[in-house]
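Every number in this text was worked out from the coordinates using simple rules, so none of it is lab data. Keep in mind it's a predicted model, so treat the numbers as computed, not measured. Every residue, glycine as well, gets a Cβ built from its backbone with ideal geometry; the counts of neighbours run over all protein chains shown.
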Amino acid sequence: MGKSGARVHRFAIVVVAVSLLVTAALSVTAFVVNDHNEDRLLRLKVAETGAVLQAAIPQIQTTMASAAEFAVASNDPAAGFRRYIGDYVGEKKQFGSASLWELTAASAPKLVTVLGVQPELASRPADADAFLGQAARAAGVRVVGLLTKPNRRLGYAYAAGAAGQKYVVYAESVLPPDGLVPITRGTPFSDLRFALYLGPNPSASELIEANVTSMGRRTASTVIPFGNQSLDLVASASGRLGGTLGAVLWWIVAIAGVLLSFAAGAVAERLLRRRQTAEDLAVNVQSLLLEQRSISERLQQAMVPAQPPPVPGLNIGVRYLPGAAGLELGGDWYDVIDLGEGRTFLSIGDVSGRGISAGAVMSSLRSAVRAFVSEGHGPADVLRRVAGLLNVVSDGHFATVLLAVFDCADNSLTVACAGHLQPLLITAGQADYLKLTVGPPVGSTREPAAYTEQVVQLPAPATLLLFTDGLVERRGENLDDGLERLRRAAIEAPTEVEPLLNFVAGDLQESSSTNDDTAILGVQWA
Amino acid sequence: MTTSEPEFGDAQFYADHARSDTWVITVIGEVDLGNRERFHAVVERALFAAPAKLIFDLAGVRFMDSSGLGVLLSAASKASSVEVRTPSLAVRRLIELSGLTNVLRIAE
């Protein structure tokens, strides 16, 4: 049917391509926005966590400072120290070990007392001297660094006292053996993977603790001052900080967009094919209409010959004008039968309705009239006989028929009329309708009607115009107006039959507003 | 050669029965081949009630061709009594010129 049977229309492909491009752009945008959002949220989260950590550091410092001051202020420094710091030392407490050292200018640092585990520092007098000496000279907490034997610990020192005799508090926090701490819910760390390093360089050897062994793709870090050192917090999100929707939105956009793109392409293709089909059909319909019209016209011509038989002494012209559509058979006919001896039988009729059935009724009526005429019946007699052949109730059609015999010998017209419009008689400069008695149309009544036969004497030379209602019937006026228009046209028209018919037929086509067919029979005698 | 759409008129058809034995069919507009089937259907429905009298009110008919006339004639053949009430001039002249004054009785 279509010229492009299986081929996809270019427009549909363009629709799909454009939709996919838009989808890709939207998807990328959604991804980038989410990515930036996650970055931003992670930075905020890490900064927040860093702040929490930072707030916790003074607690260590305060505890150690207070313990040192207690030692200094007490008569028995060891007792004062132990009394104060005892609460903070032990398993699962802040410090795994706490010790008090006395530094005098003269001697090496002397271990005064120890709570918890014996500090490693105690077995290394050289290191103790160096580190505690540094601590004594500095203010605030001094971080000794990561200790790995026998377990992982973080050591700090804090000094108090006068220049000559200082007490240094040394404490160690026990770190998880492998550096891993459990993830506890509800803390600032709960939705973060984090690693806390001592010093500014995050390396495995400097790891204080972490809650995972590896970071995610996206990390952020913050540095927290811690005594003389610093802590480096590196973290990545364990989940999606911006929520799941933000993270999967670009997938949703991509999948939905791809589906919609192909759906749009399919719809476009379907519409294009339908249009193609409709256009093809329109062409087919047009050609079928033309074909039907030509068939109708040929049938009509076969049923109503365009050329009347030549009759001696008469000029006869005929016209058959199809209605506006011209697609269907009409029910109009004319007929001329030469009876011999100067007598001519004229027949004109109009079957109501259109189409094949009207055409068939017309054809059979016309033939029936011919048959009865050939048997020698006169106009009224023929009408009576054909009237029994048609019934409006059973056939759906009725017919107006006018039958006449014109005798050239005395210009007399013997005529009978079944509901048909009166013929127009045209003489020099004048035109008038005959005033015949009109019976009901053929097939219009329950019982076949009786028809009267009238004989009318006509002048010579003259022209008699027999026609069907299509010639005078117009919307918006009554038949009298149309009849009067035809009468005036006939007066103005040329007298010769053919030009006369051309004139009234042309006049008809200008004013036509109905779809009715029209048959015209013009008979002229001298 | 061109083909043009046929022009058809527009009309409204109403069927009423004030009394069960009298139906009145009112037609307003133009009756032609385009709406004869509708007209016919309305008339058939009225005839189905087998009214003693069928009245056509055709005062509002501006145009009627032989298709419309056929519906009137068909009704006149089937119904026991048909009357055309106050027809417009177009309808009156159609009835008169078609020699149907005895078939379609005109009531003023």
Over what distance in Å are the Cα centres of region A:149-171 and region A:338-363 separated? 136 Å
Expected vector for region A:142-158, Karplus 3J(HN,Hα) from phi with 6.51, -1.76, 1.60 and θ = phi - 60°, integer Hz, x for Gly and Pro, equals 10, 9, 7, x, 7, 10, 10, 10, x, 9, 7, 9, 10, x, 9, 9, 9
Region B:23-107 - convex hull of alpha carbons, volume per residue in Å³: 73 Å³
Inter-label distance for A:Ile57 and A:Asn201, nm, one decimal - labels placed 7 Å from Cα along Cα-to-Cβ: 2.0 nm
What is the magnitude of the charge dipole of region B:23-107 about its Cα centre, with +1 placed on the Cβ of each Lys and Arg, -1 on the Cβ of each Asp and Glu, and no other charges, expressed in debye to the nearest 20? 180 debye
Highest to lowest packing among B:25-35, B:63-73, scored as the average C-beta count within 10 Å: B:63-73, B:25-35
Taking beta carbons within 10 Å but only from partner chains, what does the mean come to for residues B:59-72? 5
Dipole moment magnitude, nearest 20 debye, the protein assembly as shown about Cα centre, only Lys, Arg, Asp, Glu C-beta charged: 4260 debye
Charge dipole (region A:304-525, unit charges on Cβ, about Cα centre) - positive-most of A:Leu521, A:Val392, A:Pro305: A:Val392
If I model region A:363-440 as equal point scatterers sitting on the Cα atoms and use the Debye formula, what is log10 I(q)/I(0) at q = 0.12, 0.14, 0.23 Å⁻¹? -0.40, -0.53, -1.14
Sorted by Cβ neighbour density within 10 Å, fewest at the top, the residues A:Val285, B:Val91: A:Val285, B:Val91
Over chain A, the sum of -39500 (n - 2.57) across DSSP H runs of at least four, divided by residue number and rounded to 500 deg cm²/dmol, gives at 222 nm -14000 deg cm²/dmol
Fewest to most neighbouring Cβ within 10 Å: what's the order for A:Val14, A:Val497? A:Val14, A:Val497
Other chains near B:75-82: what is the mean number of their Cβ atoms within 10 Å of each residue's Cβ? 3
Sort A:307-318, A:147-158 for me by packing, meaning the mean count of neighbouring Cβ atoms within 10 Å per residue, highest on top. A:147-158, A:307-318
Return the whole-Å distance between the Cα centroid of region A:226-275 and the Cα centroid of region B:28-70. 69 Å
Kirkwood-based Rg/Rh on the Cα set of the protein assembly as shown evaluates to 1.67
Ranking A:His397, B:His17 by Cβ neighbours within 10 Å, fewest first, what do you get? B:His17, A:His397
Between region A:410-472 and region A:126-144, what is the separation of their alpha carbon centroids in Å? 143 Å
Would you mind calculating the relative contact order of region B:23-107 from Cα pairs under 8 angstrom and at least 6 residues apart, reporting the percent as a whole number? 33 percent
If the reach is capped at under 29 angstrom between alpha carbons, list the lysines near B:Lys78, excluding any in the same chain fewer than eight residues apart. B:Lys53
Per residue of A:439-445, other chain Cβ atoms within 10 Å number on average 6
Which order, highest average first, do A:354-364, A:209-219 follow once you tally other Cβ atoms within 10 Å for each residue and take the mean per peptide? A:354-364, A:209-219
Using Cα pairs under 8 angstrom and six or more residues apart, how large is the relative contact order of region A:304-525, in percent? 25 percent
Tally the DSSP beta bridges in region A:304-525 and give the antiparallel ones as a percent, rounded to 5. 95 percent
Suppose we keep just the DSSP beta bridges with both residues in chain B; what percent of those would be antiparallel, to 5? 30 percent
Just going by the charge dipole of the protein assembly as shown, with Lys and Arg at +1 and Asp and Glu at -1 on Cβ, which of A:Ala79, A:Leu260, A:Val438 is farthest out on the positive end? A:Ala79
If you bin every alpha carbon distance in region A:304-525 into 10 Å steps from zero, what whole percent lands in each bin? 8, 36, 39, 16, 1
Within region B:66-108, the residues whose backbone N lies under 17 Å from a label point placed 7 Å from the Cα of B:Tyr14 along the Cα-to-Cβ direction are B:85-88
Which helices count as membrane-span-like in chain A under these terms: full DSSP H, at least 27 Å along the axis by C-alpha, Kyte-Doolittle mean of -0.5 or more? A:10-73, A:244-303, A:355-374
³J(HN,Hα) across region A:455-466 via Karplus (A = 6.51, B = -1.76, C = 1.60, θ = phi - 60°), whole Hz, x for Gly/Pro? 10, 10, 8, 10, x, 9, x, 7, 10, 10, 10, 9
Under 19 Å Cα-Cα from A:Lys110, which lysines qualify once same-chain neighbours fewer than 8 residues away are excluded? A:Lys166
Report relative contact order for region A:399-520 in percent, whole number only (criteria: Cα-Cα under 8 Å, sequence separation at least 6). 24 percent
